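Novice: Encoded as structure tokens, here's the structure I'll be asking about.
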Amino acid sequence: MALTAASIFVLNPLLASLLAPITAWSDQHTRPDVYLVPYRANILVPSYLLFAETVIACLVARFLVTFRIVSWDRTGLIRYVALILFVRGTIAITFGWGPIIGMLSVSQFFFQDLAMAVLIHLAWMRFGGRRAAL
């Protein structure tokens, strides 16, 4: 909460003043009819909530994987990332349809899930520490 307050009341005005010349220049070149948000809140809010559910599920999976000491080496990272990609279905769709068609159609979700799994693993390594096998 303190981080949010600091970003709103300190960083936001500071960045706005530093970036004012760039935003003033870019405002001259924008066309409002082109840069519209395609979805309204009735679509965006449920979408963000469903993705939060996915992040929580990945955190729970990371917690469950933590009980094995093998999960902390590189192969543990690869197995964890593969687990998340298989459960979410993005690895099967991406490579099941063929690399070209799969990557063109669902690459956004594949890379989104890949980044989420790797970042959760790295955060867990940094803040969770290594746990002994039970």
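The values are calculated or read from the model by the stated rules, or taken from the named source; none is laboratory data. Every value quoted in this text rests on a predicted model; they were computed, and no experiment measured them. Cβ: placed from backbone, ideal geometry, glycine included. Neighbour counts: every protein chain shown. Surface areas here come from the heavy atoms of the whole protein model, side chains and all, with no ligands, DNA or RNA. Shrake-Rupley method; radii C 1.70, N 1.55, O 1.52, S 1.80 Å.
Novice: Probe radius 1.4 Å, ligands and nucleic acids left out: which of H29, H121 has the largest accessible area, and how do the rest follow?
Specialist: So, going from the largest accessible area down, we get H29, H121.
Novice: With every protein chain left in place, what is the accessible area of W97 in Å² (1.4 Å probe, nearest 10)?
Specialist: 150
Novice: Can you give the net charge of the other residues whose Cβ lies under 14 Å from the Cβ of T94, counting K and R as +1 and D and E as -1?
Specialist: Around T94, the charge tally is 0.
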